Amino acid sequence: MNDTALLVTNLLFASVRMAAPLTFAGIGESVSQTSGVLNIGVEGMMLGGAFTCFLVTTYTNSFLLGILAGMLVGLLFGTLHALICVTAKQDQTISGLAINFFVLGLTSFFFLVLFGQASTLPDIKTLPVVPLPLLSKIPILGPAFFSHDLLTYVLYIVIILTTIFLKKTDYGIQLIAVGENPMAADTSGIPVKRLRYFASMFNGLMCGLAGSYMMIVQFGFYIENITAGRGYIALAAVTLGRRNPVAIFFVSLLIGLTEGVQFTLQSLGVPIPSQVFSMMPYLVAVIVLLFSIGRSNDPSALGVPYDRQERS
Amino acid sequence: MKINRNIIHYIWPVASVLMTAILLLILIGVDLGSAFSGFFRGMFGNIYQISEVLVKTTPLLLAGLGCSIGFQCGFINLGAEGQLYMGALASSVVAIFLGHLPHLLLIPLMMVCGFLAGGLWALIPGVMKAKFGLSEVIMSLMFNYIAIQFIALAIRTWLKDPEYPFPMSQPFTESAQLPRLVPRTRLHIGFIIAIVLAALVYIFLWKTARGFQIRACGCNPRASFCVGVNVNLNIILSSLLSGGLAGFAGFVEVSGVQHKLMDGISSNYGYLAVMVSLLGSNHPLGVAIAALLLGALDIGGLSMQRSAGVPTSLTTVILGMIVIVFLLRHHFGKKEKEISHE
């Protein structure tokens, strides 16, 4: 009985670790999508954040500077995306794709130039674990959810704050209005462009944070293209969680759990190919998308650039 | 003054991309002369290099044509990568299990299977969009990863060559390989087929009624619906053709170049195809030029790595940069023209 409890706790603990970057990025993307800006560039922004965070932490030995630098790079590319999609009114999917390529190229280029000659992979310290008093004493759930590092607690706070922001504040409602009907929002005096810029930049910040989390909590080292498709899984999580921060967290937990189960099964010697598990989040996303037929709650203006002078 | 504006409009995108490249090259301290000469010699230094460029161009052209058909109809197909893999898988299965068939029977069979597999893989998001209004963007992206993992699974289990420790399929028999165009190069007949298909796509989209309907649905689905065009049917058809061409690119890659199925048969061709389609304004001729450009860029980058030790990731940076400035070029440096219109 005790062994099972320990196993469950360990699995959940690992799931939270896996889920956190997905949730950070997913929350950013859901705010962006709510305002009508689809950003496929999540992958690239996460990668850019991760690389910058790794670089700055390596050279300054400061976690805080690393995180800030990672977020700054994310912010930069989020702004670029807004510039292309909101100001220049270009196709959002292609812009995101271009950002992914651009960042993948830049990070690989600089990684090779800076660390290509090194014989050992450079690594950085990871954040220390700070168990929360009282909460971490809850059996099973306590050690799994409340015995993490500070950045994970930041995630919990971000989840709560974004939920309140989207559901309870004027700005949140305005954001939804901009995503549903930008023309009506514009007519009632809501600054459509400014809100879309804000949402896109917030997305960049969150993706940079997700990348930083991967560096200073999850991995502690960097290799080329370390995100390896996690940005796309985050997109799937946003679709599954229907742009609801809490739901995105639980979906990400589930995805993290499948990865955890995979490692456990492999260590027990159960012969299930890892590809089956890698396929899982995407398969589940597709299946849930199929179930959401007819009940889609996508913002009406998702992916559509807003032009004040154009009649709709 | 106005002419000046126009020149700036054309020059700033090229200049900014070039400046970025030069800046990065200076940053890593390589000799600019040897880097650039390596780059251009790599593109058309000798007959082998030119043939390599065309080998790279072929799948980009095919998948790019596929994407352009989708875009013309408003079907944003980001799933070319997955469709390419499925096409490669289907034609590989045919090649391996029916490898004893004669050349003239086997190759067409592989073509059809590759086309159908890619087409059907794209048909699912297509039908979902047409019938139920689901976003094809996310859907086709998810299908990419499912396809890639599915192929990875296949070549590790039921399609694996038992004689090799690496995850790959058996090598194709002679009759399952596309014939070479030029001896001692990798250039194969698939390149000619791709050019012919580009011409066919042009004729289909611009010279037939169905093609006109497809383009009309892309421009304004509601207006098309109001004049009695079956919008859903056109979306489904364009998704089938779009995926089919991407699947065909997969067939060309395994049958013409690799001669076996393995991981990473496509080096991001599916995603590059989206950009090829954009840079070529979704027109077959433009797509062909863009595919050639990207193919040359890739080979030039490889050669630059050999001659001057520049990481090939520079090519990826340049590519992303090209697309970003291409998107922004419409907005910046065109102000005067817009005002004169009003």
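The values are calculated or read from the model by the stated rules, or taken from the named source; none is laboratory data. Quantities reported herein were computed from a predicted structural model and do not represent experimental measurements. So basically every Cβ, Gly included, is an ideal-geometry build from the backbone, and we count neighbours across all protein chains shown. Each accessible area value is taken on the protein alone, full model and side chains, heavy atoms only, with ligands, DNA and RNA left out. Shrake-Rupley method; radii C 1.70, N 1.55, O 1.52, S 1.80 Å.
Look at region B:143-163: where a residue is within 9 Å of chain A (Cβ to nearest Cβ) and modelled with pLDDT of 90 or more and a partner is assigned to a loop (DSSP other than H, G, I, E, B) and buried (at least 22 other Cβ atoms within 10 Å of the Cβ), sitting 6+ places away or on another chain with Cβ atoms under 6 Å, you get B:F143/B:G79; B:N144/B:G79. One residue alone among A:L155, A:L112 is within 20 Å of the chain's Cα centre (by Cα), outside any loop (DSSP other than H, G, I, E, B) and touching a residue at least 40 places away in the same chain (Cβ under 8 Å), and that residue is A:L155. Of the residues in region B:290-304, none is in contact (Cβ under 8 Å) with a residue 12 or more places away in the chain, in contact with a helix residue (DSSP H, G or I) (Cβ under 8 Å, 6 or more places away or on another chain) and not in a helix (DSSP H, G or I). For region A:248-278, the tally of residues that are open to solvent by less than 30 Å² (accessible area, probe 1.4 Å) and within 30 Å of A:F165 (Cβ to Cβ) stands at 7. Can you spot a residue in region A:142-153 that is within 21 Å of A:A228 (Cβ to Cβ), of a type in the set (A, V, I, L, M) and at pLDDT below 90? Yes, that holds for at least one residue.
For the subset of region A:193-215 comprising residues that are of a type in the set (G, A, S) and over 9 Å from the mean Cα position of the chain (by Cα), which member is farthest from A:V178 (Cα to Cα)? Spell out the reasoning first.
From region A:193-215, those of a type in the set (G, A, S) are A:199-200, A:204, A:208, A:210-212; that's our starting set.
Those still in the list that are over 9 Å from the mean Cα position of the chain (by Cα) too: A:199-200, A:204, A:212.
Numbers: A:A199: 11, A:S200: 13, A:G204: 19, A:S212: 30 Å.
The selected residue is A:S212.
Within region B:225-268, the set of residues being at pLDDT 90 or above and hydroxyl-bearing (S, T, Y) comprises B:S238, B:S239, B:S242, B:S255.
Can you report the number of residues in region A:64-81 which are touching a Ser or Thr at 6+ places or on another chain (Cβ under 9 Å) and within 12 Å of chain B (Cβ to nearest Cβ)?
To start, the set of residues in region A:64-81 that are touching a Ser or Thr at 6+ places or on another chain (Cβ under 9 Å) comprises A:65-74, A:78-81.
If we keep only those that are within 12 Å of chain B (Cβ to nearest Cβ) as well, we get A:80-81.
Looking only at that region, the number is 2.
Picking from residues in region B:202-237 that are surrounded by 17 or more Cβ atoms within 10 Å (Cβ to Cβ) and of a type in the set (G, A, S), the one that is nearest to B:L65 (Cα to Cα) is B:G211. B:I50 falls short on exactly one of the conditions (1) open to solvent by 30 Å² or more (accessible area, probe 1.4 Å); (2) under 26 Å from the mean Cα position of the chain (by Cα); (3) within 30 Å of B:A176 (Cα to Cα); (4) in contact (Cβ under 8 Å) with a residue 60 or more places away in the chain, and that condition is (4). Only one entry of B:V257, B:V317, B:V325 meets the criterion of being touching a strand residue (DSSP E or B) at 6+ places or on another chain (Cβ under 9 Å) and of a type outside the set (D, E), and that entry is B:V257.
Can you find a residue that is open to solvent by less than 40 Å² (accessible area, probe 1.4 Å) and more than 23 Å from the chain's Cα centre (by Cα) anywhere in region A:138-146? Looking for residues that are open to solvent by less than 40 Å² (accessible area, probe 1.4 Å) and more than 23 Å from the chain's Cα centre (by Cα), one finds at least one in region A:138-146, hence yes.
Please verify whether B:L120 is hydrophobic (A, V, I, L, M, F, W, C), in contact with a helix residue (DSSP H, G or I) (Cβ under 9 Å, 6 or more places away or on another chain) and without any contact (Cβ under 8 Å) to a residue 60 or more places away in the chain, treating the condition exactly as stated. If you could, list the steps in order and put the result at the bottom.
Values: hydrophobic (A, V, I, L, M, F, W, C): yes; in contact with a helix residue (DSSP H, G or I) (Cβ under 9 Å, 6 or more places away or on another chain): yes; without any contact (Cβ under 8 Å) to a residue 60 or more places away in the chain: no.
Criteria not met by B:L120.
Within region B:300-314, the set of residues being open to solvent by 20 Å² or more (accessible area, probe 1.4 Å) and not small (G, A, S) comprises B:L302, B:Q305, B:R306, B:T312.
Filter region A:33-83 down to the residues that are more than 12 Å from the chain's Cα centre (by Cα) and over 30 Å from A:P122 (Cα atoms) and list them by number. Selection gives A:Q33, A:T34, A:S35, A:G36, A:V37, A:L38, A:T79, A:L80, A:H81, A:A82, A:L83. Scanning region A:297-306 finds no residues that are more than 14 Å from chain B (Cβ to nearest Cβ), part of a helix (DSSP H, G or I) and at negative phi. Within region B:287-295, the presence of a residue that is closer than 30 Å to B:G133 by Cα, touching a Ser or Thr at 6+ places or on another chain (Cβ under 7 Å), crowded, with 24+ Cβ neighbours inside 10 Å and within 12 Å of chain A (Cβ to nearest Cβ) is excluded. What do you reckon, is A:V238 under 15 Å from A:V42 (Cβ atoms) and within 9 Å of chain B (Cβ to nearest Cβ)? When the stated conditions are applied, A:V238 passes them. Within region A:86-104, residues that are free of Cβ contacts under 8 Å to residues at least 40 places away in the same chain sit with their Cβ atoms under 7 Å from residues that are not in a helix (DSSP H, G or I), at 6+ positions apart or across chains, in these pairs: A:A88/B:H330; A:A88/B:H331.
With A:T163, A:T120 as the choices, which residue is open to solvent by 20 Å² or more (accessible area, probe 1.4 Å), polar (S, T, N, Q) and not in a helix (DSSP H, G or I)?
On the way: A:T163 fails: not in a helix (DSSP H, G or I).
A:T120 is the lone residue from the list that is open to solvent by 20 Å² or more (accessible area, probe 1.4 Å), polar (S, T, N, Q) and not in a helix (DSSP H, G or I).
The residue of region A:84-98 that is surrounded by the fewest Cβ atoms within 10 Å (Cβ to Cβ), among those that are more than 7 Å from chain B (Cβ to nearest Cβ) and part of a helix (DSSP H, G or I), is A:V86.
Within region A:184-232, the set of residues being more than 30 Å from A:V129 (Cβ to Cβ) and among the acidic types (D, E) comprises A:D186 only.
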